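Scroll down for the structure; my scribbles are underneath it.
The values are calculated or read from the model by the stated rules, or taken from the named source; none is laboratory data. These figures come from a predicted structure and were not determined experimentally. So basically every Cβ, Gly included, is an ideal-geometry build from the backbone, and we count neighbours across all protein chains shown.
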Amino acid sequence: MRHYTGFRRACASLLASLLLAAGAGVRAGEVEVLHYWTSGGEAKSLAELKGMMAQRGHSWKDFAVVGGGGQNAMDVLKARVLAGNPPAAANIKGPAIQEWAALGALTNLDAMASFDRWDEALPKVVADQMKHKGRYVAVPVNVHRVNWLWANAEVLRQAGVNEAPRNFDEFFKAADKVRAAGLIALAHGGQDWQDFTTFESVVLGVGGAKFYDAALVKLDAQALGSDTLRRSLETFRRLRGYVDAASPGRDWNATTDLVIKGRAGFQFMGDWAKGEFLAAGQQPGKDFRCFPAPGTAEAFTYNVDSFAMFQLKAWEAQKAQGYLAYLLMGKDFQERFNLRKGSIPVRQNVAMDKFDECAKVSAQDFGKTAKAGTLVPSVAHGMALAPGQQALMRKLVSDFWNNPQMSVNDTQKQLLALAAGPQKPLP
Ligand code: BGC
């Protein structure tokens, strides 16, 4: 009964805030939003959100921290929260949401979630990640697929690559042809998170979804010590031979640009890369191609962007924050945002007719793989491991990529040690 009364009060205040926000003459609030969406496609996607907030009179305080994959942003966020001055919302994903909620830093969004029926609107696997102890503390905006291989259509024609590479043997043959045509075969940005992104697609392609889940998500000792993981590491290392000399340290979007401009053939990257092709005015099928990463057509590594809402003191700021949460889950926003971001709406039943062929394949495969049990969380993008453990694995994978002296055997041993070690909590 108490719960019910509390819930009614929360709903009433929420509705009041929405109505107030819509009304004339009422001072709207400011939302400060921490994010790392600074590339061409990312900025265009975010501009939709800024515009929609502005339409309701709310002002947007941009808290952008440059750095693909969001590691820099997470460091800055920690400093702000520890100083007692959190932003209204921050782009936080997966298990990291649980860690922030466990610290008591996040706002309970249940009143909004019940009012707007989020449980019905979201796939359960996503809704569960947005909740801490059964209560919503974050709002999801999309589903990115990570296991993609991007290609420049004209480069493939020039090189005589006529088919999508279905496995890594075929990929290496295609890459040889691109190289023989005098171009960079594999555009790769040598940053640890990009190395890790490529590595997880290799493990998925070599071992399949069950193996990926056992090795990278469950950190199962048998899988980590297996011959399949050995082959994955060898395949990953072989890719390095197809990368250009300027790869180390290069940002992911500058790397995609090599494919866009026809200087490189392929890039392994999640579908935020598609946002770059689209922002450059290119069309899928015609100018660029989206292939499942070799050997992964039947699987899907998901990466859901979401905003956790921090506890705020000022009423005006809370009001704007509530409206932001409401907006983020709306069909209209999810369509406009995802058309530019490269991802697909996470809210179910958003019409896909305005989306391109890559997004349509992604939406179909999300459903298909969920049924088949081959929908797996992206480890490189913070969907599976605790942040401390993810960081350790990212470093190990990246060290292996950068150091040809590091043996496959040793790397497997270190992975096993990592799996057996304690998890590192948030500082
Ligand atoms: C995020 C994307 C982002 C990409 C590059 C991923 O981890 O989920 O939204 O575009 O990193 O920064």
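Annotations
- None of 249, 205 is crowded, with 23+ Cβ neighbours inside 10 Å and either within 21 Å of the chain's Cα centre (by Cα) or acidic (Asp, Glu) (or both) except 205.
- Residue identified as surrounded by 20 or more Cβ atoms within 10 Å (Cβ to Cβ), modelled with pLDDT of 95 or more and out of contact with any Phe, Trp or Tyr (no Cβ under 7 Å at 6 or more places or on another chain) among 394, 340: 340
- Residue check for residue 384: outside any loop (DSSP other than H, G, I, E, B), on the phi < 0 side of the Ramachandran plot, out of contact with any Lys or Arg (no Cβ under 8 Å at 6 or more places or on another chain) and of a type in the set (A, V, I, L, M): no
- Residue 230 being within 30 Å of residue 369 (Cα to Cα) and either out of contact with any Gly (no Cβ under 8 Å at 6 or more places or on another chain) or within 16 Å of the ligand (Cβ to nearest atom) (or both): yes
- Lone qualifier among 316, 335 - being free of Cβ contacts under 8 Å to residues at least 24 places away in the same chain, assigned by TED's automatic domain parsing to the domain that holds residue 39 and part of a helix (DSSP H, G or I): 335
- Test set (1) at positive phi; (2) part of a helix (DSSP H, G or I) - residue 200 fails condition number: (1)
- Restricting attention to region 136-148, the residues being within 16 Å of the ligand (Cβ to nearest atom), within 25 Å of residue 120 (Cα to Cα) and assigned to a loop (DSSP other than H, G, I, E, B) number 2.
- Taken over region 149-201, the criterion of being more than 16 Å from the ligand (Cβ to nearest atom) and among the β-branched types (Val, Ile, Thr) is satisfied by 155, 161, 178, 184.
- Answer from 301, 296 - the residue that is within 16 Å of the ligand (Cβ to nearest atom) and surrounded by 21 or more Cβ atoms within 10 Å (Cβ to Cβ): 301
- Residue 359 within 16 Å of the ligand (Cβ to nearest atom), farther than 24 Å from residue 96 by Cα and of a type in the set (A, V, I, L, M): yes
- Output for region 54-107, where each listed residue is more than 16 Å from the ligand (Cβ to nearest atom), touching a residue at least 40 places away in the same chain (Cβ under 8 Å), under 14 Å from residue 132 (Cα atoms) and part of a helix (DSSP H, G or I): 99, 100, 101
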